[in-house]
Amino acid sequence: MHESPEVLKTLAAELVDRVKAHGATDADVLISEGDSVSVQVRLSAVDCLSKAREKILGIRAFFGKRSASASTSDFSEASLKQLVSDTCALAKAVAEDETSGLPDQATLATDVPDLDLYDPTAMPVEETIHVAQRAERAAMDADPRVTNSEGAECGSAHGAAVLANTNGFLGYHRSSRFSLTVAPVAEGPDDQGMQRDFWYTVSRKRHELEDPESVGQIAAQRTLRRLGARKIGTRRVPVIFDPETACSLLGHLSSAVSGYALYKGASFLLGQLGKPVAPTYVNVEDNGRMPGRIGSRPFDGEGVPTRKTMILEQGVLASYLLDTYSGRKLGMASTGNASRSVGDNPAVSPTNLFFHPGDVSPDEIVHSVTQGLYVTELIGFGVNMVTGDYSRGASGFWIENGELAYPVQEVTIAGNLKQMFQDIESIGNDLVFRGKLASPTIRIREMMVGGN
């Protein structure tokens, strides 16, 4: 049974007071609780079933410029007493860090808006199994060439978090998440070999989860179109990233504008703030206040309000992503992007990060390319965040005279992220949010594309 918000808030506030009573100059307490159900089926049989309920509490204590964090899942009086005393002893023993400390009181959230992130609907285990089986069956029934499956997974999670600190912040919010993924395997005639692909749906609300049959059918189509994949020779050509793979560009951008990478000098965007790094039609926004989105939350891991931040505005690097610590290191204010696990120090993470859509359709982008590569999957992690050098394995389709001519695999695409952002030639109108990162189709002017 979940604790009421009032019980959790009272406990968090009491613990903050207890840490202060131990001589701490400042403290914060984060309590998280939740339950989840996850089912994996393969060829209709249940492969794995997990049901979990967890409650965990973390304390961060400051003694001047010294601080330490610790956590427990034992909420008994004796355990909490021990946790307070251990965390304080630990904090007194560590070295000073001039940058450490809570956010200033004036920067903390004063309201906690309802962002429509919670759906109390439970998904019983039987329903979860049934939904996964329906999606897998739809994929298997889509075409006789779909002969096997890596399985389907369906799950739901409900959670709540409360954060309290000695600067007077006490915030509570709750959220839910529902997801479904299916990964069929297809076998072509003769020497076409076997291929796999997948499709998925994820949402905050049960009723917004896409229909299992359509998820299965799309997964099957994506798998079938890869049959007969060839290798290609090495050349420099335009590269189109489909929406799923284009999200990886946002992931690299987010790492490069993280305050921690910047103050350590480990970013290819060092010193670029206020300078153009992409064409004027490229806009990238991080927005933690979007109702119902997977990355939304009313306040960050330190109690600072989330907000809309333009990272790239008309091609110009307009902002970094910062928490309080990395902001202080850079002499800047937090952007409300602190993220943390219970018992850990905050780090920086995007909320909902996305490219603003353009006004051309994905088909028009493909038609604009005489010869090039349309990427649907990326493999490996050959990205140097300091220099921006980029080299990854890819699969997708060769474009010939504006048409997807045939599937290709075992391809390497190489370039430099700085150049790739400058070389964004067109942005599709097909923006759909499926997670924290969202992108339309993106065309890069030219990259080195090679067979392995």
5 angstrom amide H check on residue 316, placed H, neighbours 5+ away: 277
Accessible area (Å², per residue) of the chain, counting only protein heavy atoms and a probe of 1.4 Å: 42 Å²
Phi-based couplings in Hz for the stretch 138-152 (Karplus 6.51, -1.76, 1.60; Gly and Pro marked x): 4, 5, 5, 7, 5, 6, x, 6, 7, 10, 8, 8, 8, x, 10
Distance (nanometres) between label positions extended 7 Å along Cα→Cβ at residue 147 and residue 446: 4.3 nm
Derived scalar couplings ³J(HN,Hα) [the stretch 13-24; Karplus, 6.51 cos²θ - 1.76 cosθ + 1.60; whole Hz; x for Gly, Pro]: 5, 4, 5, 4, 5, 5, 5, 4, 5, 7, x, 5
Accessible area of the chain belonging to carbon and sulfur atoms, whole % at 1.4 Å probe: 49 percent
Zone of residue 85's modelled label, taken as backbone nitrogen in the stretch 14-45 under 13 Å from a point 7 Å along Cα→Cβ: 22
Cα shape, the stretch 174-256, gyration tensor, a/c 1.5 rule: oblate
Under 19 Å from the Cα of residue 92 - lysines, other chains or at least 8 residues apart: 20, 65, 81
Under 13 Å from the Cα of residue 231 - aspartates and glutamates, other chains or at least 8 residues apart: 410
Spatially proximal lysines relative to residue 275 (Cα-Cα < 24 Å; intrachain offsets below 8 disregarded): 264, 308, 329, 418
Beta bridge orientation in the chain: antiparallel %, DSSP, nearest 5: 95 percent
Calculated Rg and Dmax of the Cα atoms in Å (choose from [x] 24.2, 75; [y] 22.9, 78; [z] 21.3, 65), label: [x]
For the chain, with +1 on Lys and Arg beta carbons and -1 on Asp and Glu, the positive-most of 280, 227, 175 along the dipole: 280
Karplus (6.51, -1.76, 1.60) ³J(HN,Hα), θ = phi - 60°, over the stretch 431-438, in Hz, Gly and Pro reported as x: 6, 9, 8, 10, x, 6, 10, 9
Gap separating the Cα centres of the stretch 405-452 and the stretch 85-162, nearest whole Å: 28 Å
Solvent-accessible surface ranking, highest first, for 178, 75 at 1.4 angstrom: 75, 178
Euclidean distance between Cα centres, the stretch 310-330 to the stretch 165-197, Å: 28 Å
FRET efficiency, 1/(1 + (r/R0)^6) with R0 30 Å, evaluated for residue 329 and residue 110 via beta carbons: 0.70
Stretch gain in nm, segment residue 77-residue 273, where the contour uses 0.36 nm per residue and the Cα spacing is subtracted: 65.6 nm
Simple label model, 7 Å out from Cα along Cβ direction - residue 264 to residue 356, nm: 3.2 nm
Additional length obtainable on full extension of the chain from residue 174 to residue 403, 0.36 nm per residue less Cα span: 77.8 nm
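The values are calculated or read from the model by the stated rules, or taken from the named source; none is laboratory data. Just so it is clear, the structure is predicted and the values come from calculations on it, not from any experiment. Heads up, the Cβs are rebuilt from the backbone with ideal geometry, glycines too, and the neighbour counts pull from every protein chain shown. Just so you know, the surface numbers come from the protein's heavy atoms only, side chains and all, with ligands and any DNA or RNA stripped out. Shrake-Rupley method; radii C 1.70, N 1.55, O 1.52, S 1.80 Å.
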